[in-house]
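Structure record follows, encoded as structure tokens.
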Amino acid sequence: MALEFAFSSECNSPQAWVWFPGWGFKAEVFTELAHNLPGQHYWYRWSDHEHFDDAVEEICQALPQNAILVGWSLGGALAEAVAHCQPAPAALVTLATAPKFCRAPQWPYGMPQIRFNGFIASFDDKPQKTQVHLLALCAQGTKAPKGIIRLLAHQQEEASLAMGKQLRWLDQYDFTSMPKADCLCLHLLAEHDALVAPPHSHGQGHSVLIEAACHALFIQMPEMIQKYLWAVYSKLNVESDSA
């Protein structure tokens, strides 16, 4: 199952939230953040599809109506692709996600292809070692990375063949020429991201550059990210909350 119901907040808000983790992590990485937001919360569970588009199609078949999609890194790309399907969700929030991951003429900010290919080869050869390296990259650029690394390590998936397929999804999507999704869109980018170089503008909805933030910005600065998510929730639910 692509989406799994996780829990409902105490206030019993009807708002649905769908949480998409970054590559190699469980959706439970969002637990603390999600518990502070009202509504019905769903986790995305990784599939073993060969191609990114097939994973998106599977998600669309199970998506709750009028959901707020929140995705981190590769999870943000999945959420954005789903947001372009019909019917569109209520809102899309991406965390440290670019319209294209690898560098190309239309997206000069991406990771060089040779570096990405090297990361794939490293994972195929020594997956556990590569996962440890990923933890360091997620926290790079912070003054106190150990706490972030420790938390992330508890939510890492075990290395598998399916994870190798999912890693390749990073080079299978391209939103650079795609118009903004037909919903409220917010893209939060990290100034010191070691994996996704922040561009000057996302180009597909409101984008915000979080100063001094690393790739795992929602763990480094949970209160700030929560405020942005509350603002999205409030904008969607102001009428129902005041009724």
Review point. Counting only residues that are open to solvent by 40 Å² or more (accessible area, probe 1.4 Å) and under 13 Å from residue 149 (Cα atoms), how many does segment 206-222 have?
Key: 1
Check your understanding: In segment 160-179, is there at least one residue being of a type in the set (Gly, Ala, Ser) and within 17 Å of residue 20 (Cβ to Cβ)?
Key -> yes
Practice item. Say whether the condition of being modelled with pLDDT under 95, within 24 Å of residue 212 (Cβ to Cβ) and touching a strand residue (DSSP E or B) at 6+ places or on another chain (Cβ under 7 Å) is met by at least one residue in segment 161-184. Key: no
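Within the group 166, 155, which residue is surrounded by fewer than 19 Cβ atoms within 10 Å (Cβ to Cβ) and either polar (S, T, N, Q) or touching a residue at least 24 places away in the same chain (Cβ under 8 Å) (or both)? Before the answer, list the steps.
Numbers: 166 fails: surrounded by fewer than 19 Cβ atoms within 10 Å (Cβ to Cβ).
Of 166, 155, the one residue that is surrounded by fewer than 19 Cβ atoms within 10 Å (Cβ to Cβ) and either polar (S, T, N, Q) or touching a residue at least 24 places away in the same chain (Cβ under 8 Å) (or both) is 155.
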Point to revise | Selection count, segment 64-82, where residues are more than 24 Å from residue 222 (Cα to Cα) and either touching a Phe, Trp or Tyr at 6+ places or on another chain (Cβ under 9 Å) or assigned to a helix (DSSP H, G or I) (or both) | key: 3
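Does residue 132 qualify as being of a type in the set (A, V, I, L, M), free of Cβ contacts under 8 Å to residues at least 24 places away in the same chain, surrounded by fewer than 16 Cβ atoms within 10 Å (Cβ to Cβ) and under 25 Å from residue 89 (Cα atoms)?
Values: of a type in the set (A, V, I, L, M): yes; free of Cβ contacts under 8 Å to residues at least 24 places away in the same chain: yes; surrounded by fewer than 16 Cβ atoms within 10 Å (Cβ to Cβ): yes; under 25 Å from residue 89 (Cα atoms): no.
No: the conditions fail for residue 132.
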**Study point:** segment 15-52 - residue that is in contact (Cβ under 8 Å) with a residue 40 or more places away in the chain and more than 23 Å from residue 74 (Cβ to Cβ) and, of those, surrounded by the fewest Cβ atoms within 10 Å (Cβ to Cβ)
**Key:** 36
Check your understanding: Can you name the residue in segment 1-42 that is out of contact with any helix residue (DSSP H, G or I) (no Cβ under 9 Å at 6 or more places or on another chain) and among the hydroxyl-bearing types (Ser, Thr, Tyr) and, of all such residues, is farthest from residue 93 (Cα to Cα)?
Key -> 8
Check your understanding: Looking at this structure, is residue 185 part of a loop (DSSP other than H, G, I, E, B) and on the phi < 0 side of the Ramachandran plot?
Key -> no
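Please verify whether residue 93 is in contact with a strand residue (DSSP E or B) (Cβ under 8 Å, 6 or more places away or on another chain), open to solvent by less than 10 Å² (accessible area, probe 1.4 Å) and farther than 18 Å from residue 24 by Cα, treating the condition exactly as stated. Write out each step before concluding.
Values: in contact with a strand residue (DSSP E or B) (Cβ under 8 Å, 6 or more places away or on another chain): yes; open to solvent by less than 10 Å² (accessible area, probe 1.4 Å): yes; farther than 18 Å from residue 24 by Cα: yes.
Yes, satisfied.
Among the residues of segment 63-85, write down those that are open to solvent by 10 Å² or more (accessible area, probe 1.4 Å), in contact (Cβ under 8 Å) with a residue 40 or more places away in the chain and more than 24 Å from residue 238 (Cα to Cα).
73, 81, 84
So, residue 179, is that one under 15 Å from the mean Cα position of the chain (by Cα) and either surrounded by fewer than 16 Cβ atoms within 10 Å (Cβ to Cβ) or among the basic types (Lys, Arg) (or both) or not?
No.
The values are calculated or read from the model by the stated rules, or taken from the named source; none is laboratory data. Quick caveat: nothing in here was measured; it's all calculated off a predicted structure. Positions of Cβ are backbone-derived with ideal geometry, glycine not excepted, and every protein chain shown enters the neighbour counts. Accessible surface is based on the protein model in full, side chains and every heavy atom, while ligands, DNA and RNA are left aside. Shrake-Rupley method; radii C 1.70, N 1.55, O 1.52, S 1.80 Å.
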